[in-house]
Structure formats: structure tokens, C-alpha cells
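To start, the structure itself, in C-alpha cells.
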Amino acid sequence: MSLVKIRVKAGMNEVEIESSIDSLPHVIDAIPSILSKIQQHDANNMQGNQYDNAYPVNPTNNQDHKVDVQDIPEIKIEKGDSLSDIIVKIFRTDWGRQARRLADVKNVLEHYGLSYPKQSVAVTLLRLAQSGRLRRFKGSDNEFVYTASTELLARVDGGGDASS
């Protein structure tokens, strides 16, 4: 019997459904109900939560560089996560595959209610680049930009432990 997997993502939640091909029409009919329950769960649990994506990011000291709320990577921040851990989680998402400036990273952190001094974020990015977890190079405006390293992406794309 062949099994089919369907992944449904709503907000920060993701549900994976595995079903036989024979029962696939019933599963597809249930998807709207599943999405409704996920959205209702999100609404109940996200009231007043600092991770709510409903509020736009206000860029700091850079009016020409606005961050769209849809461009914010979805990550889960644990209580004991260091700044380095959080930045690695950010760059493990698709967002980290594109060159990002210090201001971009700082804006994402602020979106999640995390206010770090610019210098602390800059030093953390530099150390992650020196350790090989991020790539660092000069962008077209001579400002440093960062992307996820191939080592970091390999851990996400199935090449090993994604928890470090």
C-alpha cells in the first residue's frame, strides 16, 4: 500500500499528514478544518505574545531599508538561547540564503522583541563567520553582508544535526 505525505503550514505551525492513496480524497476534504483549528489555536495562544507577526518592524536608523513583515523568518526561540543560537536559527531559514546586512539581522531580532546593541550583533555575526557557520563578504555598497554557510545549510537540508 502506497502512502502519501501532505504537509500543511499555517503561521508558525506545521502539520504533516500521512495517508494511503485510497483515503487521500477524505484527507484533502479535511484540510480546511485542520487549517481552521490551527488558526484558532494560534489566535488563542498568540494574544500579547512577543512572537506575533501582526506588528510591522520599525527599522532603526535606516529609513530607506524597511523590512516587510512577510520577509521575517519564522523561528522558535527557546528560553536559554544565546544571541548566537538565535542568529543561527534565523540564518537556517530560507531568509538566510540571501545576503543580509547587520541592519536586517537587527530588525529581525527586534521583531521578536529582542533588543541587542548593534555592536553585540555585529560581533556575534563576525564570530559566526569566523567559525564557518556564516559567510561574510562586502556587498555592493561596501557594507558587510552575511549568508548561511554551506555547512549550516547542509545541517538543515538533511545532512546532519540541526540543533547545534
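The values are calculated or read from the model by the stated rules, or taken from the named source; none is laboratory data. None of the values given here were measured: they were computed from a predicted structure. No Cβ is skipped: glycine too gets one built from the backbone with ideal geometry, and neighbour counts run over all protein chains shown.
Odds and ends about this structure:
- The residue that is farthest from the chain's Cα centre (by Cα), counting only those in region 127-136 that are under 11 Å from Ile87 (Cβ atoms) and either assigned to a helix (DSSP H, G or I) or of a type in the set (Lys, Arg) (or both), is Arg127.
- Matching residues in region 133-164 - criterion: being over 19 Å from Lys76 (Cβ atoms), at pLDDT 90 or above and not aliphatic (A, V, I, L, M): Arg135, Arg136, Glu143, Phe144, Tyr146, Thr147
- Pair list, Cβ < 8 Å and 6+ apart or interchain, from region 137-161 residues that are of a type in the set (Asp, Glu) and in a helix (DSSP H, G or I) to residues that are at pLDDT 80 or above and crowded, with 18+ Cβ neighbours inside 10 Å: Glu151/Arg133
- Here the condition is being modelled with pLDDT of 75 or more, surrounded by 12 or more Cβ atoms within 10 Å (Cβ to Cβ) and small (Gly, Ala, Ser); of Ser2, Ser19, it holds for Ser19 alone.
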